[in-house]
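The values are calculated or read from the model by the stated rules, or taken from the named source; none is laboratory data. On a predicted model such as this, the values are computed, not experimentally measured, just so you know. Here the Cβ is made from the backbone with ideal geometry for all residues, glycine too, and neighbour counts use every protein chain on show.
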């Protein structure tokens, strides 16, 4: 038991607790530091039968570890059985002999009576004991068609707090309409599973494992709660959220994307270590207690440049008055990831884990939602990621320009876009993750596959064949897609048959021109006709050669695509049985999918590096194009807008739109778009923009804009400024709508502050494809309680399932209403709020269900009460939030 990864055990005996009491005493003496939770489970037999075999219902009483041995013995002494002695008096459990156990029974009424005689009539029984009934076997699954037994089963259900069963039963006991009498509402209750081991051999074989294929399935039970009886009580309150019956750990996230804990070298200012939960961590405390500083230090340890930039508009350091370069900021914060790597190269064998966090400082959500151009800049990459065809349409829009001014507009936008892509490419390489960490994850998955193969229908040879087959199928799919794209390109110039065979050149699709220097018109009249004839002849020959090259390439590509399609079909037919095996093995399929996802990441890293080189080459080419076609500007904006509106574009609850419009002020007074306080080569405070010089040196101009040396005013973006200085064109802006309220575009937002914050949060969290941890500081700022509870809380609850969240908050609706898995209480040392060893900042961690009465004699503030008590005292509306949560989950007093 001690060596097992199982953390909580119910020690069971029939109608008795003596063996369990002695065992726990022995265990604690042998393992005094063990964190294991050992609870006494007294198994009874009810004097009622509902199943087909007329077997009495086995019934379990799981007692809190706060119940004393004397109280347990008193309870069993007070529990009357239906077995009588020679005088006709009902025996109590403490009087039973070995021969009584085969036939002895109790009633539900006698259980309740014994509880009240032992603990009094008023307490809620679940504070001391949890009543559990099995579902199958000697349980409450009623005989089909027997109404009386079905109703009796419902009564036992009502009397029970939880059940023993398997995953197939979980959903049923969460339903509110499971009683025979449909006018009665049934409370949601959890279903547990356990080893039910009756000997040491079964204990060793079954503990912590899922075993199926028999009438007595064993399924691992996962409970998300504090390792205490109070945590088990929490499973009764939130059964749907807190209990899972499955083999693999629920809500598991890649270990290299979860912060396990942080450490500090300067333990005069900060504690040595602070631990975090993989889900939602709420950091609470009074004003200036070190909450925001903790978040800032964590972000800075991972990405100092981005953190300093984000805080440059506010504190410009981890706290007000402290810059990052000051001695006070040198606390030595080290982030430890769940895969064992750290942010400190001295603790990671010289290799820094290239992790990432999404850091949202205080008030930054509101600042983003107030900037229309930033809204467009944030929405654009997300739209392109959701629908790659939209990006293709955007590129086609640019290629459809009809004159040199349109070309210039396209090339300027591409110049800025490509510059953004260079920056985005660098972020994407960081976002994908560290190659070593991904390889370690692949090895971990391979180990799981090896383990599961022993229990699956796939042999190791089958698995190797399947891996090779899936890789070959994937390679063929990619090649077919590539060939299809190439053939689509050729369709501008060629006609194809239905099978893409025998392509023919489209008449007049290809044109060839030849220019001479000097021009033909400048030659003597006696030569002009001969030269024109030679040029015409050479154009005919050149066009024919180019057409033949296109036909050869189109035919070769079409043949290759056709062969690959045939090969793909043949591979699937030849390996049909192996593929069916793969499909039937759900768990191995899931593991293989995870493995493929990690392998794809490695491939993506390779492609991103190749793309990086190409991006820089493309940038040089674009600069040359801009010099050659200075006067292009028009685009076919109406076509692009129509394409955008041709289908719904949404993300979570947001609906995206598009607006295009001219700004009269921008057309009439371009120089007003530029901050002219500083003189430079292209602008002066007196004369504004020098348009002629800008057009003579367009690349120098664009570089000055991109580097922030020529700064746009107001909501004008960098790309827009460059376009309007060298040309004039309508602006494209994206909008977002939430419940009919909009933001972005050219109109004032109709969203409430709560919706604006939700909009900004949605965009920020979707900027990165990989779910890196979210560090968010007081998202409730400037929001009313209703906006928080109705908009932000549900969003946080949904997002914490996919990524780790560290959230600083003063608001109880966020910390409590969003069901924080871990609460970190912060305190700054003071005369009346002391920390151990006079440490400047100190923190304690624990779940919401951790409760300890206030200890006024305690010398340190954080250790003087439980997490729940601190939350009620510190958070705005803490007690009310716990009440709201209680009513939400129908918690009984």
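Observations
- Residue in the range 518-533 that is loosely packed, with under 12 Cβ neighbours inside 10 Å, free of Cβ contacts under 8 Å to residues at least 60 places away in the same chain and closer than 30 Å to residue 451 by Cα present: no
- Some residue of the range 48-58 being out of contact with any helix residue (DSSP H, G or I) (no Cβ under 6 Å at 6 or more places or on another chain) and within 23 Å of residue 229 (Cβ to Cβ): yes
- For the range 258-285, filtering for residues that are part of a loop (DSSP other than H, G, I, E, B) and surrounded by fewer than 17 Cβ atoms within 10 Å (Cβ to Cβ) leaves 5.
- Residues satisfying the stated conditions in the range 286-297, i.e. out of contact with any helix residue (DSSP H, G or I) (no Cβ under 9 Å at 6 or more places or on another chain) and part of a helix (DSSP H, G or I): 291, 292, 293, 294, 295
- Just one of the listed residues (770, 749) is in a loop (DSSP other than H, G, I, E, B), under 27 Å from residue 424 (Cβ atoms) and at pLDDT below 75, and it is 770.
- Restricting attention to the range 307-323, the residues that are part of a loop (DSSP other than H, G, I, E, B) and surrounded by fewer than 16 Cβ atoms within 10 Å (Cβ to Cβ) add up to 7.
- Taking the range 564-593 as the range and being surrounded by 12 or more Cβ atoms within 10 Å (Cβ to Cβ), in a helix (DSSP H, G or I) and at pLDDT 85 or above as the test, the residues that pass are 564, 565, 567, 568, 571, 572.
Matching residues to (1) in a loop (DSSP other than H, G, I, E, B); (2) modelled with pLDDT of 85 or more:
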| position | (1), (2) |
| --- | --- |
| 827 | no, yes |
| 842 | no, yes |
| 886 | no, no |
| 892 | yes, no |
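- Helices (runs of 4 or more DSSP H) contained entirely in the range 633-732, each with at least 1 residues that are modelled with pLDDT of 75 or more: 637-644, 691-696, 698-706, 718-726
- Single residue of the range 376-408 satisfying the filter (in contact with a strand residue (DSSP E or B) (Cβ under 9 Å, 6 or more places away or on another chain) and not in a helix (DSSP H, G or I)) that is modelled with the lowest pLDDT: 401
- Selection status of residue 255, surrounded by fewer than 19 Cβ atoms within 10 Å (Cβ to Cβ) and either under 18 Å from the mean Cα position of the chain (by Cα) or farther than 25 Å from residue 866 by Cβ (or both): yes
- Candidate set from the range 168-204 (those that are touching a strand residue (DSSP E or B) at 6+ places or on another chain (Cβ under 6 Å) and touching a residue at least 60 places away in the same chain (Cβ under 8 Å)); member that is nearest to residue 146 (Cα to Cα): 173
- Within the range 22-35, being crowded, with 16+ Cβ neighbours inside 10 Å and under 20 Å from residue 230 (Cα atoms) holds for one residue alone: 24.
- Assessment of the range 133-142 against the conditions (touching a helix residue (DSSP H, G or I) at 6+ places or on another chain (Cβ under 8 Å), assigned by TED's automatic domain parsing to the domain that holds residue 16, under 28 Å from residue 70 (Cβ atoms) and at pLDDT 90 or above) yields at least one matching residue.
- Verdict on residue 814 being assigned to a helix (DSSP H, G or I), touching a helix residue (DSSP H, G or I) at 6+ places or on another chain (Cβ under 9 Å) and under 23 Å from residue 288 (Cβ atoms): yes
- The residues on offer are 592, 575, and the sole one that is assigned by TED's automatic domain parsing to the domain that holds residue 472, under 30 Å from residue 451 (Cβ atoms) and out of contact with any helix residue (DSSP H, G or I) (no Cβ under 6 Å at 6 or more places or on another chain) is 592.
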